[in-house]
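Readers should treat all values here as calculations from the given coordinates under stated rules, not as data from a laboratory. Small disclaimer: the values here were computed from a predicted structure and weren't measured. Here the Cβ positions follow ideal geometry from the backbone for every residue, glycine too, while neighbour counts run over all protein chains shown.
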Amino acid sequence: MKAYAGIDLHSSNNYVGIIDETDRRLYGRRHSNRLDEVLMALEPYRDRLEGVVVESTYNWYWLVDGLQEHGYKVHLANPSAIQQYEGLKHTDDRWDSFWLAHMKRLNILPEGYIYPKQQRAIRDLLRRRLLFVRHRTAHILSLQSMMNRHLGIKVSNNEIKKFEVKDVERMFESANVGFMASSNILAIRFLSQIIKDIEKRVKSKIKLRKEFSMLLTIPGIGNILGLTIMLEVGDIGRFKTVGDYSSYSRCVGSTKFSDGKKKGENNKKNGNKYLAWAYIEAATFAIRYCPSAQRFYQRKKAKTNKIVATKALSNKICRASYYIMRDQVPFDEAKLFEN
């Protein structure tokens, strides 16, 4: 008789639940987050297991990789897409693990993508770059605010990146304010070097695919955005339609409508936040350097506002990139902005 396993994973422990094809519970127990314990729990049912479902939490790498290396067929559950019976009054880790196994048995499990292990570290390195960029931006904004507050001047981001410590120290009358400003400059310089080192390492380690060079033909997409899109997407074939890809990239709205009236919103966080960032950035650059994109943006902006117009352009670029990666063809500006 077939068996199905569900693992509800937490930061320091997990609950393993196993059922048969009649939903009879065969095993249920909590374990510490040690691979040998989980393998020992699954071993008696190994030959019967149709699959092991692991919830996609922030710490799934070690468990999914370990199970796959030991020959188990692993399924990564998408928690944001899982719906539970709303009539339940009480749920816990034990119930959740059996529910994962139950959905697998019924073949209704919303699955997440298990990114290939050999490429995952490079993708995560590029994600960490974005974290450092945000920290650097925070220091730049802090220094801009300080200069505006104390000196009444407005300085651009690029100008601040060129400042030396001695430059900002001389600007302020107060030695303490000058010290704060110089601390910002040191932090900006330090973070900028880390960002450059990450970019250099990623470019040297990643094997560029043909679709990467095709992505660079899109106005607004340079090396970093192209690499981000390529690494976050992985296999474009996992998206059956352009709508699936656009939704995954968070380029479409999450509003619910019924009878022409807004009835609420779906889960805004369902999808890939790094792709969402990449396409917003691409839209921002395209507005500056592509006349067709700028005209599209201005038309949308006149009817709505800046945010909606930028989002609409990002969705247009996102949809174009789907076909470019799928068919491995260069960008066609006339086709994208023909309407």
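Of the cross-linked pairs 200/335; 273/316; 203/273; 117/196, which ones have a Cα-Cα span greater than 28 Å in the structure shown?
On the way: 200/335 34 Å; 273/316 17 Å; 203/273 22 Å; 117/196 24 Å.
Over 28 Å apart, Cα to Cα: 200/335.
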Listed residues 214, 325, 147; largest mean-square fluctuation, Gaussian network over the chain with Cα springs below 10 Å, found at 147
Modelling each spin label as a point 7 Å along the Cα-to-Cβ direction, I'd like the residue 142/residue 108 distance in nm, to one decimal.
5.1
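Over the chain, calculate the relative contact order: mean separation of alpha carbon pairs under 8 Å at least 6 apart, over the residue count, as a percent.
Numbers: 433 pairs, mean separation 42.7, N = 339.
Result for the chain is 13 percent.
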Span from the the stretch 100-147 Cα centroid across to the the stretch 164-197 one, whole angstrom:
29
Search the structure for amide H atoms under 5 Å from the amide H of residue 75, placed 1.01 Å from N in the peptide plane, and list their residues when 5 or more places away or on another chain.
52, 53, 54
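Grab the Cα-Cα distance for residue 272 and residue 11, subtract it from 0.36 nm times how many residues apart they are, and report the gain in nm with one decimal.
Residue separation times 0.36 nm, minus the Cα-Cα distance, leaves 91.8 nm.
Identify the trypsin sites (Lys or Arg not before Pro) of the stretch 137-207 meeting these criteria: DSSP loop state and at most 12 other C-beta atoms within 10 Å of the C-beta. Please report the intermediate quantities before stating the final value.
Values: sites: 149, 154, 161, 162, 166, 170, 189, 196, 200, 201, 203, 205, 207; in loops: 154, 207.
Passing sites in the stretch 137-207 are 154, 207.
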In vacuo Debye scattering of the stretch 119-205, one point per C-alpha: log10 I(q)/I(0) at q = 0.14 Å⁻¹?
-0.53
In Å³ per residue, the alpha-carbon convex hull of the stretch 3-112 encloses 98
Which residues does the label zone of residue 205 cover in the stretch 109-124, counting backbone N under 11 Å from a point 7 Å along Cα→Cβ?
118-124
Among 16, 278, 80, whose Cα sits farthest toward the positive end of the charge dipole of the chain (+1 at Cβ of Lys/Arg, -1 at Cβ of Asp/Glu, about the Cα centre)?
278
Can you tell me the orientation of helix 93-105 relative to the chain, as the angle in degrees between its alpha-carbon axis and the longest Cα principal axis, to the nearest 10?
80
If you line up the long axis of helix 291-303 against the longest principal axis of the chain, both from Cα atoms, how many degrees apart are they, to the nearest 10?
80
For a protection proxy built on the mean count of beta-carbon atoms within 10 angstrom, sort 38-47, 5-14 highest first, please.
5-14, 38-47
Spacing of the two label points (7 Å from each Cα toward its C-beta) at residue 134 and residue 328, in nm
3.5
With labels modelled as points extended 7 Å from the Cα through the Cβ direction, what inter-label distance (nm, one decimal) is found for residue 30 paired with residue 124?
2.6
Rounded to 0.05, the calculated FRET efficiency for the beta carbons of residue 39 and residue 196 at R₀ = 30 Å is 0.10
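Please identify every one of the GluC sites (Glu not before Pro) in the stretch 121-208 that sits in a loop by DSSP and has no more than 13 other beta carbons within 10 Å of its own beta carbon. Could you put the intermediate results ahead of the total?
Values: sites: 159, 164, 169, 173, 199; in loops: 164, 173.
Answer in residue order: 164, 173.
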Just the Cα atoms of the chain: what Rg and Dmax do they give in Å?
24.8, 81
How big, on average over all directions, is the shadow cast by the Cα convex hull of the stretch 210-336, in nm²?
8.1
